[in-house]
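To start, the structure under review is shown below, and the notes come after it.
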Amino acid sequence: MPQPGKSDFEELLSILELSRLDDDVFSGRHPRKNPVRTFGGQLMAQAFTAASRTLDHDLPPSALSVHFIAGGDTAHDIEFHVSRLRDERRFANRRVDAMQNGKLLATALVSYLAGGHGLEHNSKAPAVPDPYTLPTIDDLLVGYEKVVPHFADAMRPIEWRYTNDPAWVMRDKGGRLEQNRVWMTAAGDMPDDPVLHTAAMVYSSDTTVLDSIITTHGLSWGWDRIFAVTINHSVWFHRQVDFSDWVIYSTTSPVAAESRGLGMGHFFNRAGEVVATVVQEGIVKYFPGAAK
């Protein structure tokens with residue numbers, strides 16, 4: 001059960017401490033603050049952690065792909081059933097089925113690869129202000145608490161610093177944004193465990209990736225009547241993230257059609273290196289004429 005008095009960051013670390021029910025079966029709980037359904041970032045981070053705890057060798061992750069099938073009930077724990085698909089000295093593959101009360105919520109495929117040195121090149125990191133010169137997310141929510149109550153009341157274990165106006169401020173100004181760039185870091189001291197650093201980034205990867213779909217059209221959560229739900233989410237891991245330091249999450253939306261939108265982006269570290277690439281597809285429906 002959630003423990004009172006814990007900070008949001010401590011809650012995140014706590015829900016990533018899965019209970020081992022069997023060699024390849026884990027149980028993960030929900031935090032004390034929840035949306036109506038299980039937050040996708042939480043489920044993905046827990047699935048990734050479950051897969052990583054079954055490795056026979058110390059291998060870095062190379063990719064995670066999750067397909068969401070049903071919404072999770074925040075009143076009940078989630079079981080993560082891990083299937084060991086491949087185990088070699090430099091390669092491993094896992095499938096993780098997230099189950100709740102006998103219902104399949106999502107299936108994740110996780111691959112691990114110790115590739116060694118090879119060719120290297122890098123997309124250019126966006127030119128953005130230093131995170132410490134930017135307002136906090138709490139600052140940006142002042143005056144908008146009733147517009148975006150789900151954001152104002154949400155658990156915030158990750159510190160955010162928007163380099164551009166967030167959707168709700170952009171919409172209030174009557175603007176449009178074709179990209180969103182947000183500095184992120186853990187809102188507390190991260191343990192010396194690369195699995196948890198990566199899991200925290202996976203958790204964070206679900207927070208702003210769909211924003212560019214709606215901000216491209218000058219729309220915002222809260223101001224406009226928008227229905228959005230994630231269908232699938234993939235992350236490619238290029239370098240080990242240090243989530244105790246700032247990373248910039250730069251996202252855009254290349255396409256929206258047939259009530260589906262694609263958000264994609266990169267995490268860059270402070271050195272300007274691409275740490276991870278993210279692609280998320282969601283059902284996004286807009287109901288014009290229903291704005292607040």
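The values are calculated or read from the model by the stated rules, or taken from the named source; none is laboratory data. None of the values given here were measured: they were computed from a predicted structure. We place every Cβ from the backbone using ideal geometry, glycine too, and count neighbours over all the protein chains shown.
Just to be sure, is K124 basic (K, R) and within 21 Å of H266 (Cβ to Cβ)? I'd like the intermediate steps shown before the answer.
Details: basic (K, R): yes; within 21 Å of H266 (Cβ to Cβ): yes.
Criteria met by K124.
Residue check: is G175 touching a Gly at 6+ places or on another chain (Cβ under 7 Å), without any contact (Cβ under 8 Å) to a residue 60 or more places away in the chain and either assigned by TED's automatic domain parsing to the domain that holds R270 or of a type in the set (S, T, Y) (or both)?
Working: touching a Gly at 6+ places or on another chain (Cβ under 7 Å): yes; without any contact (Cβ under 8 Å) to a residue 60 or more places away in the chain: yes; either assigned by TED's automatic domain parsing to the domain that holds R270 or of a type in the set (S, T, Y) (or both): yes.
When the stated conditions are applied, G175 passes them.
Are any residues in region 61-94 part of a strand (DSSP E or B) and either free of Cβ contacts under 8 Å to residues at least 40 places away in the same chain or assigned by TED's automatic domain parsing to the domain that holds E281 (or both), and if so, which ones? I'd like the intermediate steps shown before the answer.
Let us first name the residues in region 61-94 that are part of a strand (DSSP E or B), namely 61-68, 73, 78-87, 91-94.
Once the filter is applied, which keeps residues that are part of a strand (DSSP E or B) and either free of Cβ contacts under 8 Å to residues at least 40 places away in the same chain or assigned by TED's automatic domain parsing to the domain that holds E281 (or both), region 61-94 yields D73, L85, R86, D87, F91, A92, N93.
Let me spell it out: the conditions are (1) modelled with pLDDT of 95 or more; (2) assigned to a helix (DSSP H, G or I); (3) closer than 25 Å to S14 by Cβ; (4) among the aromatic types (F, W, Y), and F151 meets all of them except one. Which number is the exception?
(1)
Identify, by number, the condition in (1) touching a Gly at 6+ places or on another chain (Cβ under 9 Å); (2) surrounded by fewer than 24 Cβ atoms within 10 Å (Cβ to Cβ); (3) in contact (Cβ under 8 Å) with a residue 60 or more places away in the chain; (4) not β-branched (V, I, T) that G218 doesn't meet.
Looking at each condition in turn, G218 falls short on (3).
List, please: which pairs have Cβ atoms under 7 Å, are six or more places apart or on different chains, and start with a residue in region 226-243 that is farther than 30 Å from P288 by Cβ and end with one that is of a type in the set (D, E, K, R) and surrounded by fewer than 20 Cβ atoms within 10 Å (Cβ to Cβ)?
Within 7 Å, the pairs are R239/E273.
Might you let me know whether region 155-172 holds any residue that is touching a Leu at 6+ places or on another chain (Cβ under 8 Å), hydroxyl-bearing (S, T, Y) and more than 20 Å from L13 (Cα to Cα)?
Checking region 155-172: at least one residue is touching a Leu at 6+ places or on another chain (Cβ under 8 Å), hydroxyl-bearing (S, T, Y) and more than 20 Å from L13 (Cα to Cα).
Does region 19-60 hold any residues that are outside any loop (DSSP other than H, G, I, E, B), of a type outside the set (A, V, I, L, M) and more than 16 Å from the chain's Cα centre (by Cα), and which are they? Talk me through it step by step, then tell me what you get.
Taking region 19-60 first, the residues outside any loop (DSSP other than H, G, I, E, B) are 19-22, 25-28, 37, 40-52.
Checking the rest, the ones that are also of a type outside the set (A, V, I, L, M) come to 19-20, 22, 26-28, 37, 40-42, 46, 48-49, 52.
Listed by number, the residues that qualify are S19, R20, D22, F26, S27, G28, S52.
Among the residues of region 169-195, how many are surrounded by fewer than 22 Cβ atoms within 10 Å (Cβ to Cβ) and under 13 Å from the mean Cα position of the chain (by Cα)?
1
Would you check which residues across region 124-177 are within 26 Å of G40 (Cα to Cα) and of a type in the set (D, E) and list them?
Selection gives D138, D139, E145, D153, E159, D165.
Could you say which residue among S253, S234, S244 is under 19 Å from the mean Cα position of the chain (by Cα), small (G, A, S), closer than 25 Å to E120 by Cβ and in a strand (DSSP E or B)? Let's see the steps before the verdict.
Details: S253 fails: closer than 25 Å to E120 by Cβ; S244 fails: in a strand (DSSP E or B).
After ruling out the rest, the residue left standing is S234.
Looking at region 79-98 only, could you name the residues that are of a type in the set (A, V, I, L, M, F, W, C) and either over 30 Å from T230 (Cβ atoms) or crowded, with 18+ Cβ neighbours inside 10 Å (or both)?
Within region 79-98, the subset of a type in the set (A, V, I, L, M, F, W, C) is 80, 82, 85, 91-92, 96, 98.
Once the filter is applied, which keeps residues that are of a type in the set (A, V, I, L, M, F, W, C) and either over 30 Å from T230 (Cβ atoms) or crowded, with 18+ Cβ neighbours inside 10 Å (or both), region 79-98 yields F80, V82, A92, V96, A98.
Only one of (1) in contact (Cβ under 8 Å) with a residue 24 or more places away in the chain; (2) on the phi < 0 side of the Ramachandran plot is not met by N164, so which one is it?
Unmet for N164, out of (1) in contact (Cβ under 8 Å) with a residue 24 or more places away in the chain; (2) on the phi < 0 side of the Ramachandran plot: (1).
Exactly one condition in (1) part of a helix (DSSP H, G or I); (2) surrounded by fewer than 19 Cβ atoms within 10 Å (Cβ to Cβ) is not met by A127; state its number.
Unmet condition: (1).
Can you name every residue in region 92-111 that is under 17 Å from T49 (Cα atoms) and hydrophobic (A, V, I, L, M, F, W, C)? It would help to see each step written out before you state the result.
Just the residues of region 92-111 that are under 17 Å from T49 (Cα atoms), to begin with: 92-99, 105-111.
Once the filter is applied, which keeps residues that are under 17 Å from T49 (Cα atoms) and hydrophobic (A, V, I, L, M, F, W, C), region 92-111 yields A92, V96, A98, M99, L105, A106, A108, L109, V110.
Conditions tested, residue by residue: (1) in contact with an Asp or Glu (Cβ under 9 Å, 6 or more places away or on another chain); (2) among the aliphatic types (A, V, I, L, M); (3) under 21 Å from D242 (Cβ atoms); (4) at pLDDT 95 or above.
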site	(1), (2), (3), (4)
V128	no, yes, yes, yes
P191	no, no, yes, yes
V195	no, yes, yes, yes
Y203	no, no, yes, yes
D206	no, no, yes, yes
T215	yes, no, no, yes
